[in-house]
1. Across peptide B:131-143, how many C-beta atoms of other chains are within 10 Å of each residue C-beta, on average?
2. Per residue, how much accessible area does chain A show when a 1.4 Å probe rolls over the protein heavy atoms, in square angstrom?
3. Using r as the Cβ-Cβ distance of A:HIS406 and A:LYS643, and R0 as 25 Å, what FRET efficiency do you calculate, to the nearest 0.05?
4. I need the GluC sites (Glu not before Pro) found in segment A:414-522, filtered to DSSP loop residues with at most 16 other beta carbons within 10 Å of theirs.
5. Using alpha carbons only, what's the Rg to Rh ratio of segment A:18-71 with Rh from Kirkwood?
6. Test of the criteria: in segment B:95-131, which chymotrypsin sites (Phe, Trp or Tyr not before Pro) are in a DSSP loop and have at most 10 other Cβ atoms within 10 angstrom of their Cβ?
7. Considering only DSSP beta bridges with both partners in chain A, what is the antiparallel share in %, to the nearest 5?
8. Where a Cα-Cα gap under 21 Å defines reach, which lysines qualify for B:LYS101, not counting those fewer than 8 residues away within the same chain?
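The values are calculated or read from the model by the stated rules, or taken from the named source; none is laboratory data. Predicted, not measured: the structure shown is a model, and the values here were computed from it. Because the Cβ atoms are built from the backbone with ideal geometry, glycine has one as well, and the counts that use them run over all protein chains shown. Please note that ligands, DNA and RNA were not included when accessible areas were found on the heavy atoms of the full protein model with its side chains. Shrake-Rupley method; radii C 1.70, N 1.55, O 1.52, S 1.80 Å.
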Amino acid sequence: MTEFIAKPGVKNLKHEGEKLITTHCSYCGMQCGMHIRVSEKTGKIKGVEPRYDWPVTLGKLCPKGVTAYQQIDHPDRIKRPLIKKKGRFVESSWEEALSLIEKKFTELQDKHGKDSLSVFGGVSMTNEKCYLVGKYARVALGTRFLDYNGRFCMSSAAGGFMKTFGMDRGSTLPWTELEHSDCFLIAGSNTAECHPTSIQMFWKARDKGAKMIVVDPRETPTARIADVHLDLLPGTDSALANGLLHLLIKEDFVDKEYVENRCNNFEELKASVEPFTPEYTSQLTGVDKNKIIKAARIYGSSPRSVVMFARGVEQQSKGVDNVTLYTSLALLRGQIGKFASGVATFTGQGNGQGGREHGQKSDLLPGYRKITDPEAVKYISGVWGIDPEEMPKAGVSAFEMFDEIHKGTIRAMHVVCSNPAVSAPDAEYVWEAFKKLDFLVVNDFFLSETAEFADVVLPTTTWAEDEGTTTNLEGRVIRIRKSIEPLHESKTDWQIFKEIAARLGKGKHFDYSSPREIFEEFRLATKGGKADYSGITYERIDKEDGVFWPCPSEDHPGTPTVFKETFATPNGKANLPAVSWQEPDETPSEEFPIRLTTGRVVFHYLSGNQTRRIDFLMEQCPVPFAEMHPELASRYNMQDGEKIRVTTPRSTMELEVRLTKATRNDIIFVPYHWGKELAVNKLTNAALDPTSRMPEFKVCAARIEKLEQKAGH
Amino acid sequence: MNKIMYLEFERCIGCRACQAACRECGDHDAKERNYVEHVDFMESRQTFPMMCMQCKDPACARVCPANAIQITEEGVVLSASEEKCIGCRNCTFGCPFGIPKFDFEQNKMYKCDMCYDRSKHDIAPMCASVCPSDAIRFIDFDEMQSLRRRRTQMNLVEGKKPTEQDKWKYVPEFFGVYSD
Ligand code: SF4
Ligand code: SF4
């Protein structure tokens, strides 16, 4: 297998005595291409070299990507399994740790039934591993309680796309086409900080005259250069999207032929957006009505446009509605399935796309099959070699698993590749749940806040110590290469599943000796499903710069642009929504008069368990802060840099004030990458979207107070 | 090497990938030599990168009494030679752009050398390689000239001109740094 891939004529710096291993970043859905520098003699990791010829990102990296390699041989790595004895972690052998897990899991299931165990997965890992998480839960443990952290990340986008298109591929077009678009409508995405390497594409398009409309309460670096910045109140996206749809219809920007031939429900949509005049929309969203009109006209008159969104619109109790409404803008303009136009979500986690398709979700089986569909159960049972009767039923969503723990139904949990102690909303409730568990196992390579609650911590490898594939935010399946052998006594997650399965008498279903073998089975499992990977091979990925799913056979070219002719709904037409206005779950009151919104900074990834250990990143952003407009601060007599108290109905915390006029004057923003007393998720609201079960991270009601001055300070 | 370091300040998104990458250059001792600053964070999130201008007749080298700052045949102004630098800090005061940094522990200056181990082979310096926003580019002289002409034309077409009231929204749009 070639480890280093470069196109003819591309120059890279190869240091003496080093080799380059071609792979992708460990972090976000951009999955930027990179080479990792490895010493030939010692096999040690030396650094990073840009991958100039990866067509999506062209060598560009954000600061997380540049420093990603520093996770690998990091002093904080967990070296051996840890068992908690008398409240303290003690290093142990794998034998001891696995025996304990076997004993506890068996005892609990004997006493409380199969479903007393649960698995909490994640999608910052390869397709091979994500696929195996579902199989591990359902076949090895036989529990129905399985879900994953995509519920805090991508599930509203998934739900919205399923509803509208009948299929959930995060982007309907390949991003290499973006530079040819005429207009971008970007909602709820702090693109410059969260997906920085996509900025080059927007700049290229802008150089050719493309327009940009940015929807965000804060004047983010992208909003700053937008032609129109729609600075809405957090939680009012559905009103804004309805207002834009109203104007597209009223000002005759609708592609009637497209809507007639390819969409259901147009009349219902038309009736439901009727009340959303610019005046009414402006009143609900707090955006100047002239800006709304200007945005609708720019978007409506652009020949090729792309609607893009991210967590800002998705992490709401109306996340799915928001997604269907923004998506409808593209449908009314007849943009989907065509060149350089369409709709896309900025996938957060590295494998947020692939990881959500293959059965880590409580109600899904591999290939985006429904567990409620008997045919799907039959097919997957066949692939897995089990009796369809044995297939557990659908479980509950990620956050609802914590309810089940509080209720006493779930007694033990195995957390894989996730840190819900930081990333789940209403964190104190989640921490209580962890304390209540009889037994908690966590796989991780750094001791996360979640791992600190564990009874057993199993040391896993980083992304650079294993082979596999991921699916980037375009839907392109790509290859992650192994740069070095597993460090210390760490094992890959798939090896861990295999060994636990063997101890529980299910070894024959997990008889793999390499990720490639898992991939072969996984291809078969996806065959015929909506997310069909069966035609994709490791070799094709190398040769073709990745392959886009669906790809149902080895001679199928893959599908860079989806929905060219039809949608994946029963009648082949896209479903337009009809959504009326609804306030966020929690609105400002006398006691909590301000809207609090949360988000990210460029220097950290998700719960920060990785990036908070990287020197460069911590030097740039060591602690969270409360960002607000000086006008708001002035009302409370607060100064830049001062410590204040922020309180919501759930909890309270102290934060430093950071002032800027580049935000609305009636909100505060806090980034969420920290744990314990620095976790803003202590304050956030766990109200769930009815369809996607996504919590409302993006808006809740808060109160801010000046801290009392202490004498001498 | 007939390449230019081309800066388009207004494109900068403040991600500091260029600084993280600067530390990664083999000869850089894990210390960055470039700068990213907010124009005025209170007013806007606009940032801009700053790095060595690789001057034709560099003030830093001229004021160095120890002759520690060498200029390569391609015109790259190198970091001070470790043996020669006497730590007088004249260069840090002499540079009109405030570029040379000073390591007080080791008592010596260090500065951007355009990743000479890369650029001498025509491979882009680390900052220009990774900058996700193309705010820093490593391009041919001719390409720079055409970009500059196009930019002027665009500004005339769109009538973008800062005024006394909103000049903080603007930063100089580009700066070509080049050697022979
Ligand atoms: S975190 Fe995302 S944008 Fe940054 S380098 Fe990694 S994949 Fe690229
Ligand atoms: S890498 Fe580019 S965009 Fe990021 S701070 Fe540096 S110059 Fe600015």
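1. Taking the mean over all residues of the peptide, I get 4.
2. Result: 33 Å² per residue.
3. 0.15
4. A:GLU489
5. 0.97
6. Of the chymotrypsin sites (Phe, Trp or Tyr not before Pro), the ones in loops of segment B:95-131 whose Cβ has at most 10 other Cβ atoms within 10 Å are B:PHE104.
7. Around 50 percent antiparallel, to the nearest 5.
8. B:LYS31, B:LYS56, B:LYS84, B:LYS111
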